[in-house]
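> Below is a structure I'd like to ask you about.
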Amino acid sequence: MKEKVIIFDLEDTLTNATHRINLARKGQWDEFHELFILDKPNIPVAMVFAALVRFFPIIICTGKPETGREDVVEWLNGYHLRPHLLLMRLKEDDRPAIEVKADMIREVRSRDMDPFIAFDDDELCCSMYRANGLTTLQIGIETGGNQND
Ligand SMILES: [Mg+2]
């Protein structure tokens with residue numbers, strides 16, 4: 001029987017990347033990725049990760065490039081978040097995240113694992129996971145709300 005595993009996205013799911021989102025909007029990708037290490041954890045999601053990892057292997061599937069692997073491992077270790085696997089975008093792969101992550105799901109399945117739940121903030125990635133049969137929870141970063149609402 002295939003092993004049940006859980007998929008987590010990294011940026012704006014496990015981390016809160018709002019402090020550098022303007023760089024992404026301006027297409028300044030190198031600067032955007034360099035500031036990753038300063039992300040704070042998205043606490044509620046990190047807590048769910050810490051609870052679930054006791055029962056299931058967790059695989060992080062991120063569109064972040066492999067060139068940032070060292071920073072990601074350091075960041076995860078710093079918050080005691082220990083995934084079973086960290087799958088990252090290969091060098092020179094500039095396809096949309098949904099294509100990169102769809103390939104990651106195929107790779108996970110080829111390793112005799114059964115991904116059954118995914119956590120991701122991106123609408124398109126969530127749709128892709130659902131189309132691949134995973135129950136999917138879309139994450140939104142809480143900003144504390146607008147006092148005028
Ligand atoms: Mg994300």
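> Under the Karplus relation 6.51 cos²θ - 1.76 cosθ + 1.60, θ = phi - 60°, what is the ordered set of whole-Hz ³J(HN,Hα) values for the range 123-140, x standing for Gly and Pro?
4, 5, 5, 4, 4, 4, 4, 4, 4, 8, x, 8, 5, 10, 10, 8, 8, x
> Hey, can you grab everything whose amide H is under 5 Å from the amide H of Asp121? Only 5+ residues off in sequence or another chain; H modelled, so Pro and N-termini drop out.
Counting only residues 5 or more places away or on other chains, the set is Ile139.
> Show which lysines lie in cross-link reach of Lys4 when reach means a straight Cα distance below 23 angstrom and same-chain residues fewer than eight apart are skipped.
Counting by Cα, and skipping residues close in sequence, Lys4 has these lysines nearby: Lys101.
> Continuing with this model, one more query. Find the relative contact order for the range 67-132 and round it to a whole percent, using C-alpha pairs within less than 8 Å whose residues are 6+ positions apart.
Relative contact order of the range 67-132: 25 percent.
> Still on this structure, please answer the following. Taking θ = phi - 60°, what integer Hz values does the Karplus form 6.51 cos²θ - 1.76 cosθ + 1.60 yield along the range 84-101, in sequence order, with x for Gly and Pro?
With the stated coefficients, the range 84-101 comes to 6, 9, 10, 9, 10, 4, 6, 3, 6, 8, 10, 6, x, 4, 5, 6, 4, 6 Hz.
> Could you give the angle, 0 to 90 degrees to the nearest 10, between helix 43-52's Cα long axis and the longest principal axis of the Cα atoms of the chain?
Orientation of helix 43-52: about 20 degrees from the principal axis.
> So what is the relative contact order for the chain, in percent, with contacts set as C-alpha pairs under 8 Å and at least six apart?
30 percent
> Along the charge dipole of the chain, pointing to its positive end and built from +1/-1 on Cβ of Lys, Arg, Asp and Glu, which listed residue (Ala97, Asn22, Asn132) has its Cα farthest out?
Toward the positive end, the furthest listed residue is Asn132.
> What is the magnitude of the charge dipole of the chain about its Cα centre, with +1 placed on the Cβ of each Lys and Arg, -1 on the Cβ of each Asp and Glu, and no other charges, expressed in debye to the nearest 20?
In total the dipole reaches around 460 debye.
> Report the charge-dipole magnitude of the range 24-111 in Debye, nearest 20, computed about the Cα centre from +1 at each Lys and Arg Cβ and -1 at each Asp and Glu Cβ. Can you show the working numbers first?
On the way: 14 positive and 14 negative charges, 102 e Å.
Here the size comes out at about 500 debye.
> When you count, for each residue, the other Cβ atoms within 10 Å and take the mean per peptide, how do 24-32, 94-102 rank with the highest first?
Details: 24-32: 11.9, 94-102: 16.7.
Ranked from most to least packed, the peptides come out as 94-102, 24-32.
> Modelled label-to-label distance, Met47 and Glu107, 7 Å Cα→beta-carbon offset: nm?
Rounded to a tenth, the inter-label distance reads 3.2 nm.
> Could you tell me what percent of the DSSP beta bridges with both partners in the chain are antiparallel, to the nearest 5?
On the way: 2 of 20 bridges.
Roughly 10 percent of the DSSP beta bridges within the chain come out antiparallel.
> Something else now. Cα centroids of the range 66-112 and the range 1-34: how far apart, whole angstrom?
Taking the Cα centre of each part, the range 66-112 and the range 1-34 sit 10 Å apart.
Readers should treat all values here as calculations from the given coordinates under stated rules, not as data from a laboratory. Please read these numbers as outputs of a predicted model, since none were measured by experiment. All Cβ positions, even for glycine, are placed from backbone atoms using ideal geometry, and neighbour counts span all protein chains on display.
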